[in-house]
Protein chains: 2
Amino acid sequence: MSPARCAPRIWPSRTPAVPARRNDPAAAGPPLGEFGRIERFFKPLAAGFPGARGLADDAAVFGVPAGKELVVTTDAMVAGVHFLPDDHPADIAAKLLRTNLSDLAAMAAEPLAYTLVTALPRGLGEEWLAAFAAGLAADQERFGIALAGGDSVGTSGPITLSVTAFGLVPAGRAVPRWGGRAGDCLFVTGTIGDATLGLDIALGRRVVEDVAVRESLLARLRRPDPRTTLGPRLAGLATAMLDVSDGLVADLGHLCAESGLSAVVEAAKVPLSPAARALAGGDSAVLARLLTGGDDYELLFSAPAGARPALQDLALRTGVPVTGIGRLEAGEAGAVTVLDAGGAPLALPRRGWEHF
Amino acid sequence: MSPARCAPRIWPSRTPAVPARRNDPAAAGPPLGEFGRIERFFKPLAAGFPGARGLADDAAVFGVPAGKELVVTTDAMVAGVHFLPDDHPADIAAKLLRTNLSDLAAMAAEPLAYTLVTALPRGLGEEWLAAFAAGLAADQERFGIALAGGDSVGTSGPITLSVTAFGLVPAGRAVPRWGGRAGDCLFVTGTIGDATLGLDIALGRRVVEDVAVRESLLARLRRPDPRTTLGPRLAGLATAMLDVSDGLVADLGHLCAESGLSAVVEAAKVPLSPAARALAGGDSAVLARLLTGGDDYELLFSAPAGARPALQDLALRTGVPVTGIGRLEAGEAGAVTVLDAGGAPLALPRRGWEHF
């Protein structure tokens with residue numbers, strides 16, 4: 001599927017403005033202690049979900065509707081590893097929640113609720129927690145999800161956060177990583193590589209003079225846009241799916257390995273934002289970095305060629321660009337070949353980001 | 001309910017032997033990386049739970065049977081805060097899983113599965129992880145639970161672990177903290193204060209010459225015994241319930257606060273192990289410490305006096321001692337009075353353990 005045949009390209013697509021930094025004046029005064037913090041910052045986040053039992057019980061309790069299955073995913077983030085220590089707490093909250101929502105979308109699940117574990121340095125002020133909670137509240141409203149429970153502990157180490165997110169999918173309709181078939185086309189949502197450029201900017205490795213471009217790339221790093229609207233609609237269309245977190249090539253390798261297939265990607269078809277295209281400027285080393293940098297949180301999926309009209313319709317209706325980038329083939333399981341514009345294999349120094 | 005009327009006292013009750021320390025020879029060789037660690041240590045733990053999808057997908061997927069509700073709880077532990085850095089990894093695994101199972105029991109839920117987040121220092125060897133995984137495997141078999149998913153990240157800080165545990169309860173039958181009624185009797189399972197003494201021993205604050213006594217108290221600290229068999233059977237009998245983690249008095253305060261009532265406890269009725277009774281030796285300051293020390297992971301619940309015969313029967317059938325210790329009363333919500341043997345209020349320097 002070429003971009004022209006597939007869907008209008010919307011850029012920047014739903015990228016939210018970074019909210020004004022906010023200090024909660026109510027957070028002044030003596031330290032609250034664990035129960036005070038739960039009362040002030042977390043109970044309001046659970047108000048919309050009866051199963052949270054007001055965070056006043058030992059556990060959350062909720063049912064799963066007949067004909068549905070529960071989808072459960074967990075992602076953790078550590079300061080200095082997954083975010084920068086001076087990132088705004090609301091951005092950290094958004095990234096934490098959205099990386100989990102992206103996993104739900106990659107299973108074709110609708111978001112339901114989440115639990116939160118915070119391990120915070122004792123010296124971290126309540127202003128930080130107030131801004132973090134405000135970020136969660138904003139995203140709860142945006143994505144229709146609520147806090148179901150959690151735990152708060154102190155740590156002598158860096159800020160460590162994890163979310164376990166719950167979603168619902170019609171029984172038997174979750175899209176696995178392993179359903180790809182030889183001959184299926186490969187599709188990706190949105191654009192690839194912007195978060196890698198955003199990280200370069202955040203680390204001072206790259207200077208981008210244009211404020212709007214710089215901010216849009218930083219936003220892609222800090223506030224990924226999980227495809228929660230499109231993902232559930234891909235049940236029955238996508239044969240295999242995951243979200244791109246470690247890098248397009250690495251994650252495609254996972255999809256291929258689980259499907260027992262190999263893949264060929266045409267680099268020229270991989271959707272880049274205008275900013276990424278301008279910054280790459282035809283440099284194949286930069287392009288290779290964008291395809292392996294990760295943190296994209298776009299959906300990568302396989303589907304038969306016959307699904308193209310339905311995908312085009314879905315892309316139009318959801319406003320999420322969907323682009324064909326290659327195909328699955330019989331061959332060495334997990335092998336990914338990226339071809340440059342001339343049809344030669346692109347040199348990739350690495351496939352993606354390893355966590356240890 | 002006096003101990004004599006209630007159930008035979010079994011001591012040490014189901015306290016497991018500390019397993020031999022085991023180094024996995026397969027853990028030698030070059031570092032495995034994140035995917036290698038998942039493959040070797042975590043995938044085997046998920047083999048018994050189809051919903052884990054072999055840890056090969058973006059999320060776990062499972063149904064909840066008709067007529068049941070899902071119960072979800074999360075507990076986190078940080079080295080140096082919730083366990084001692086040189087504790088055996090299998091003990092850490094047991095405590096992590098069991099504190100969560102205790103929360104499920106306190107809701108009257110049967111254990112189903114769990115997700116695990118590990119944030120581990122990069123220098124921590126694979127022998128540690130092998131022993132930790134072996135501890136999880138042993139407890140999975142013991143409690144009939146399996147790994148459903150998780151995340152593994154690196155950290156520059158201390159070992160940080162969290163579990164989100166899932167249980168099932170008949171719809172509408174989860175026992176809340178807030179259902180207590182004035183006049184209800186208060187009951188507690190097992191014995192109180194042993195983990196506090198175990199912590200004293202572990203920290204070198206107390207010397208206990210008798211090896212069997214010392215080991216049994218340390219085991220109560222390191223390997224709590226969640227009441228997973230009794231807990232689900234208390235649905236319909238207990239009006240309010242929680243598990244004792246912060247300290248008997250503090251947690252009873254929570255039950256009272258949520259129920260809008262006060263409580264009176266007779267200190268002489270609080271069940272102590274022979275070891276704790278000998279070490280307390282009638283010293284009311286030591287007794288006060290045992291009642292406020294925490295880490296007991298016993299069930300504390302209220303029930304009408306008419307439930308005594310049913311409770312006695314359950315205690316006999318499950319082998320879990322159940323002891324009446326006091327009653328709920330109308331009065332200041334959350335107030336707890338502990339009376340000594342002479343009927344005078346016992347001085348309590350604190351109610352329990354605050355996490356920050």
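The figures follow:
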{"read-out": "Pairs with Cβ under 8 Å, 6+ apart, first in the stretch A:331-348 and of a type in the set (D, E, K, R), second assigned to a loop (DSSP other than H, G, I, E, B) and open to solvent by less than 60 Å² (accessible area, probe 1.4 Å)", "value": "A:Asp340/A:Leu346"}
{"read-out": "Looking only at the stretch B:181-209, and only at residues there that are touching a residue at least 12 places away in the same chain (Cβ under 8 Å) and among the β-branched types (Val, Ile, Thr), the one that is farthest from the other protein chains (Cβ to nearest Cβ)", "value": "B:Val208"}
{"read-out": "One residue from A:Thr337, A:Thr323, A:Thr318 being touching a helix residue (DSSP H, G or I) at 6+ places or on another chain (Cβ under 6 Å) and either on the phi > 0 side of the Ramachandran plot or of a type in the set (Ser, Thr, Tyr) (or both)", "value": "A:Thr323"}
{"read-out": "Total residues in the stretch A:167-183, condition open to solvent by less than 20 Å² (accessible area, probe 1.4 Å) and out of contact with any helix residue (DSSP H, G or I) (no Cβ under 8 Å at 6 or more places or on another chain)", "value": "1"}
{"read-out": "Matching residues, the stretch B:240-265, being of a type in the set (S, T, N, Q) and surrounded by fewer than 22 Cβ atoms within 10 Å (Cβ to Cβ)", "value": "B:Ser262"}
{"read-out": "Enumeration of residues in the stretch B:160-180 that are more than 9 Å from every other protein chain (Cβ to nearest Cβ) and within 19 Å of A:Thr118 (Cα to Cα)", "value": "B:Leu161, B:Val163"}
{"read-out": "The stretch A:76-135, residues that are at the interface with chain B (Cβ under 9 Å from one of its Cβ atoms) and acidic (Asp, Glu)", "value": "A:Asp103"}
{"read-out": "Condition met for A:Ala288 (more than 14 Å from chain B (Cβ to nearest Cβ) and open to solvent by 20 Å² or more (accessible area, probe 1.4 Å))", "value": "no"}
{"read-out": "Search result, residues across the stretch B:32-42 that are of a type in the set (D, E, K, R) and in contact with a strand residue (DSSP E or B) (Cβ under 9 Å, 6 or more places away or on another chain)", "value": "B:Glu34, B:Arg37"}
{"read-out": "Sole exception among (1) of a type outside the set (Asp, Glu); (2) outside the structural domain of B:Pro232 (by TED's automatic domain parsing); (3) surrounded by fewer than 13 Cβ atoms within 10 Å (Cβ to Cβ) for B:Leu348, by number", "value": "(3)"}
{"read-out": "Hits in the stretch A:308-345 - residues which are farther than 16 Å from A:Gly190 by Cα, part of a helix (DSSP H, G or I) and open to solvent by 80 Å² or more (accessible area, probe 1.4 Å)", "value": "A:Pro309"}
{"read-out": "Residue count for the stretch A:109-124, restricted to those that are of a type in the set (D, E, K, R) and modelled with pLDDT under 95", "value": "1"}
{"read-out": "Test result for A:Arg227, open to solvent by 60 Å² or more (accessible area, probe 1.4 Å) and at pLDDT 95 or above", "value": "no"}
{"read-out": "The stretch A:134-152 - residue that is in a helix (DSSP H, G or I) and open to solvent by 10 Å² or more (accessible area, probe 1.4 Å) and, of those, nearest to A:Ser302 (Cα to Cα)", "value": "A:Phe143"}
{"read-out": "From the options A:Ala60, A:Ala52, residue that is more than 7 Å from chain B (Cβ to nearest Cβ) and at pLDDT 95 or above", "value": "A:Ala52"}
{"read-out": "Identity of the residue in the stretch A:153-166, in a loop (DSSP other than H, G, I, E, B) and out of contact with any helix residue (DSSP H, G or I) (no Cβ under 9 Å at 6 or more places or on another chain), that ends up nearest to A:Ile92 (Cα to Cα)", "value": "A:Pro158"}
{"read-out": "Strands (runs of 3 or more DSSP E) wholly inside the stretch A:190-304 that include at least 2 residues being closer than 16 Å to A:Ala106 by Cα", "value": "A:240-243, A:299-303"}
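The values are calculated or read from the model by the stated rules, or taken from the named source; none is laboratory data. Being a predicted model, the structure only gives us computed values, none of them experimental. Neighbour counts are summed over all protein chains in view; Cβ atoms, including those assigned to glycine, are modelled from backbone coordinates with ideal geometry. The accessibility values were calculated without ligands, DNA or RNA, using every heavy atom of the protein model including side chains. Shrake-Rupley method; radii C 1.70, N 1.55, O 1.52, S 1.80 Å.
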